[in-house]
Amino acid sequence: MSLLNKGKAILTTWITSFKMNVVVVVVVVFGLYVYTEKANELANRQRQAGFQLVDQLRQSSDDLTLMARLYVVTGDPRYKQYYQSILDIRNGKMPRPEGYTHSYSDLVISGDLAPPAENDKGIPLTDLIQQSGFTEDEVGHLLTAENNSDALTKVEFEAMALVEALDADEEANRLKARQLLFSEHYNQAKSKIMQPINTFYSEMYHRTLSTANHAIAKLFLLIFRVRSKTQMPIIQITLRH
């Protein structure tokens, strides 16, 4: 074989090998890209679901505080009714209304939305938390927050009962009820609800972020390995000739 023909053969082999390597790299990279995107999408969906779930817990606690305070200040029975509805929705005794967001109670108070219907049962927030797919520690933080909120309802019911007491000193009862709901002790109890919620936010955010980063790092590592392996035949062909 002449030197020219030998050179053409080497070049042809090199080009063919190069094209095959390019195809392999493209296919592998595309597959890894899809895998990474799926992992990121899953992490983002879980993060979003976590935010929505924990927002229900946080908002229900704030709405219970608002309704209890409005009731002891005004004596308007609709605020106690709203209070009970919020509690029943959280405990699964009533279904969650459509559009049950952070502004729902404000819209009900203003009359822009009707109060939730009491025609069926819902799913307790505790069940939603336990079925959420979060880690055991994350679930524990949310359940702790809900338990602390449930404990605070005892104080709120006590304050509302004082307003309804039929003894002679009505004004003294109202004052005591307001003191129960605006005291430093009450504020500290609210803080015990929000602290585990904040811990949940932090742990879930870092976990899902780590999952996404791990998927990206895995993508780059596999690309490097594929490139290293696909370059080997080219080097071997060159050295042989």
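Read the figures in this text as sums done on the coordinates, not as results from a lab. Treat the numbers as computed from the prediction; the structure is a model and nothing was measured. FYI the Cβ positions are ideal-geometry reconstructions off the backbone, even for glycines, and counts take in every protein chain you see.
Details
- Using a simple spin-label model with pseudo-atoms 7 Å out from Cα toward Cβ, Ser191 and Gln179 lie 2.1 nm apart.
- Here the range 95-150 is treated as a sphere whose radius is the Kirkwood value from Cα pairs; by Stokes-Einstein at 37 °C and 0.692 mPa s it diffuses with a coefficient of 247 µm²/s.
- HN-Hα J in Hz across the range 177-192 - Karplus 6.51, -1.76, 1.60, θ = phi - 60°, x for Gly and Pro: 5, 5, 5, 4, 8, 10, 7, 5, 4, 5, 4, 5, 5, 5, 4, 5
- The ellipsoid that matches the Cα gyration tensor of the range 53-195 has semi-axes, each √(5λ) in whole angstrom, of 27, 19, 12, with the longest given first.
- In this structure the amide hydrogen of Leu113, modeled in the peptide plane, comes within under 5 Å of the amide hydrogens of Val108, none closer than 5 places in sequence on its chain.
- Fully extended contour minus Cα-Cα distance, from Leu113 to Gln52, at 0.36 nm per residue: 19.9 nm
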